[in-house]
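The values are calculated or read from the model by the stated rules, or taken from the named source; none is laboratory data. Treat the numbers as computed from the prediction; the structure is a model and nothing was measured. Note that each Cβ is placed from the backbone with ideal geometry, even for glycine, and that neighbours are counted across all protein chains shown. Accessible surface is based on the protein model in full, side chains and every heavy atom, while ligands, DNA and RNA are left aside. Shrake-Rupley method; radii C 1.70, N 1.55, O 1.52, S 1.80 Å.
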Amino acid sequence: MQQDDIEITEIQFSNAVFLPEVVKMLEEGHTVTLRLRGFSMRPFLEDNRDKALLTKATDPKVGDAVLAEVGPKHYVLHRIIKIEGDDVTLRGDGNYAVERCKLSDVKGFTIGFYRKGRQTLDKTNGLKWRVYSFFWTRLFPVRRYLLGFYRRIWLKIFGTK
């Protein structure tokens, strides 16, 4: 059979159904590439455009972008902003509010991101991500205004592609 004859079908599932299966694969030792949904990691990551490469979380640290279960079958891909004992506080880069979970609820660690349709991985331990993270996490008090500018002006001019 030639590759030209292969038909690709895309199927969508709700996160409550799909993400527990992703977590099972991570726990079995697989890596998973996950198309991102939602706007919580703006401005660096965009809904339905970017993908995250995940592996099982083994030793989460402050600053890591992780997949965590913050409620029954409710998962988020956010950055860890605080760990106190067994309690983890998370915040999406595009969010003002925080979410909380336990260390045992942190299921996946993000190795890197495929952004803007590229085939190359922006690794989370790479210089680009570390510089971005350093500045963006320290801008929290003024991020609200930067995100407002991004949503109201930048996206209208340049879009997300």
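Considering the alpha-carbon set of the chain alone, what are its Rg and its Dmax in angstrom?
Over the chain's Cα set, Rg and Dmax evaluate to 16.5, 57 Å.
Exposed loop sites here are GluC sites (Glu not before Pro) in DSSP loop states with at most 13 other C-beta atoms within 10 Å. What is the longest stretch of the chain lacking them? Can you show the working numbers first?
Numbers: sites that count: 7, 10, 28.
The longest uninterrupted stretch comes out as 29-161.
So what's the convex hull volume per residue for the Cα atoms of region 46-110, in Å³? Before the final figure, lay out each step's value.
Details: hull volume 5.6 nm³, N = 65.
Cα convex hull per residue, to the nearest whole number: 85 Å³.
With every protein chain kept in place and ligands, DNA and RNA left out, what is the accessible area per residue of the chain? Probe 1.4 Å, answer in Å². Numbers along the way, then the final one.
Numbers: 10280 Å² over 161 residues.
Each residue of the chain exposes 64 Å² on average to a 1.4 Å probe.
Between residue 13 and residue 145, what is the FRET efficiency for a Förster distance of 41 Å, r being their Cβ-Cβ separation, to the nearest 0.05?
Values: r = 36 Å, r/R0 = 0.89.
E(calc), rounded to 0.05, equals 0.65.
Over 28 Å between C-alpha atoms is what I'm after, so list which of 24/82; 24/128; 61/156; 82/123; 56/116; 107/156 land there.
Distance filter (> 28 Å) returns 24/128; 61/156; 107/156.
As an exercise, identify the chymotrypsin sites (Phe, Trp or Tyr not before Pro) in region 70-161 lying in DSSP coil whose Cβ has no more than 14 other Cβ atoms within 10 Å.
Filter output for region 70-161: 96.
Can you pull out the trypsin sites (Lys or Arg not before Pro) in region 58-152 that DSSP calls coil and that have at most 13 other Cβ atoms within 10 Å?
Numbers: sites: 61, 73, 79, 82, 91, 100, 102, 107, 115, 116, 118, 123, 128, 130, 138, 143, 144, 151, 152; in loops: 61, 73, 115, 116, 118.
The qualifying sites are 61, 73, 116, 118.
Calculate what fraction, in whole %, of the accessible area of the chain sits on carbon and sulfur atoms when a 1.4 Å probe is rolled over the protein chains. Walk me through the intermediate numbers first.
Working: 5630 of 10280 Å².
The value for the chain is 55 percent carbon and sulfur by accessible area.
Two decimals, Cα atoms only, Kirkwood Rh: what is Rg/Rh over region 79-135?
On the way: Rg = 13.2 Å, Rh = 13.0 Å.
Value, to two decimals: 1.02.
Using r as the Cβ-Cβ distance of residue 31 and residue 98, and R0 as 25 Å, what FRET efficiency do you calculate, to the nearest 0.05?
0.35
On full extension of the chain, what length is gained from residue 87 through residue 128, given 0.36 nm per residue of separation minus the C-alpha to C-alpha distance? Don't skip to the answer; put the middle values down first.
Working: separation 41, 0.36 × 41 = 14.76 nm, distance 2.89 nm.
Taking 0.36 nm per residue and subtracting the Cα distance, the gain is 11.9 nm.
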